[in-house]
Amino acid sequence: MIRPIDPRGPLARSPGVPPTGALDPCDSSVTVTSTPADPPAPRPRWRVWAERLLPWVLTVGAVAYILSQHSLASIVAEMRHGSVVWLLPLGAWVTVQGLLVASLADLWVIRAAQANARPWPRYRDVAVAKAGVGLFEAVGYAVGRGGYGVWIARAAGTGPGPAAGAVLYMVLADLAAVATVLTGSIYLAGAEVPGAMRLVAPLGAAAIWALVLLAPGWPFDPARLPGPLRPLVHLPRRLAAPQIGLRMINIVFGCVMTWVAARSFGMELPVDVVAVYMPVVLVVASLPINVAGIGPASGAWLFFFGDYAEAPQILAFQLLWTFAIVAAIVLRGLPFVRTLVREIAAPRPGS
């Protein structure tokens, strides 16, 4: 059931009532003063169209190259030969679990980045917004993180600066989680990896962790920083480890479930190889350079796992697994799209 939109704002509740829900590690001593910001200048039309067309151009190019190397008939034959019984339920499990865990991590970031904004969003509000935005991302609609940032700004009733900063912090946290999991996999799984990968992964993880841990201590005047950078100074150090830890759980779970799905399909991939390379593949698949998970992500599958399975089998599984994930994301988000669109389109409180 879709709840009505309160005229005071999509997340309004009685003033003075503290938010309820999961443990909030950043609700004590952090004070952030947010001032309404002027609307950002519209982006040039060429840039808007370039961002919309780039994923399609890259996807068409990647698919054309792959099909020039491997026949479509061989890929279809592998689809028919493999077992697909467990792909849909496993895909649904991955998407639901990912939403529940990531929403809690995002909730902590939003509350810390906009501590003085009231009303605070609830866990359910964040989950609904992520589910709706995830649907747009899955079908290639040009909303993505931008739509999520707009929702954050309007839900909290503040300007775009803190919202953009919260999204920036979430992206950094996702990268920190991936780099940390990848580093652990490289040194614990025992798989053979290029020497550059052994160097880049831990350095990347250390750099991002240093940024989110040391930024709150930098002697900056937040008012003189660009809006999106202010939360990096305001957010407390104690926020970093819990919410990055939650994102690491999602990454590990996604890797494990993808490996299980591959085995159920009939593709035997070594555990140590999956542990090292699957985080990289998941990152490539999540980048806005694919269309519905197809494109450069398919090339990443072939590049990292081509020595352990036949190319047509890899492509067949990747297409079917991506379809299962996208279908689950669409079904997960459909009940909440109307609520998300209404909240994004609603006038900001006080306007």
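By counting other Cβ atoms within 10 Å of each Cβ, how are Phe136, Phe317 ranked from fewest to most? Walk me through the intermediate numbers first.
Details: Phe136 21, Phe317 27.
Exposure proxy ranking, most exposed first: Phe136, Phe317.
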Inset, instruction - Order these peptides, 171-179, 305-313, 88-96, by their mean beta-carbon neighbour count within 10 angstrom, highest first. - result: 171-179, 88-96, 305-313
Legend entry - For the range 86-345, with +1 on Lys and Arg beta carbons and -1 on Asp and Glu, the positive-most of Ala177, Ala241, Leu287 along the dipole: Ala241
Inset, instruction - Order by neighbour count: Arg342, Arg332, fewest other Cβ atoms within 10 Å first, most last. - result: Arg342, Arg332
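Using the Cβ atoms and a cut-off under 15 Å, what net charge is assigned to the surroundings of Leu319, where Lys and Arg are +1 and Asp and Glu are -1?
-1
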Inset, instruction - Quote the charge dipole size of the range 86-345 about the Cα centre in Debye, to the nearest 20; the model charges only the Cβ of Lys and Arg (+1) and of Asp and Glu (-1). - result: 1140
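Where a number appears in this text, it was derived from the coordinates with a stated rule and is not lab data. Because the structure is predicted, anything quoted here is derived from the model rather than measured. In this analysis, Cβ positions are derived from the backbone assuming ideal geometry, glycine residues included, and neighbour counts consider all displayed protein chains.
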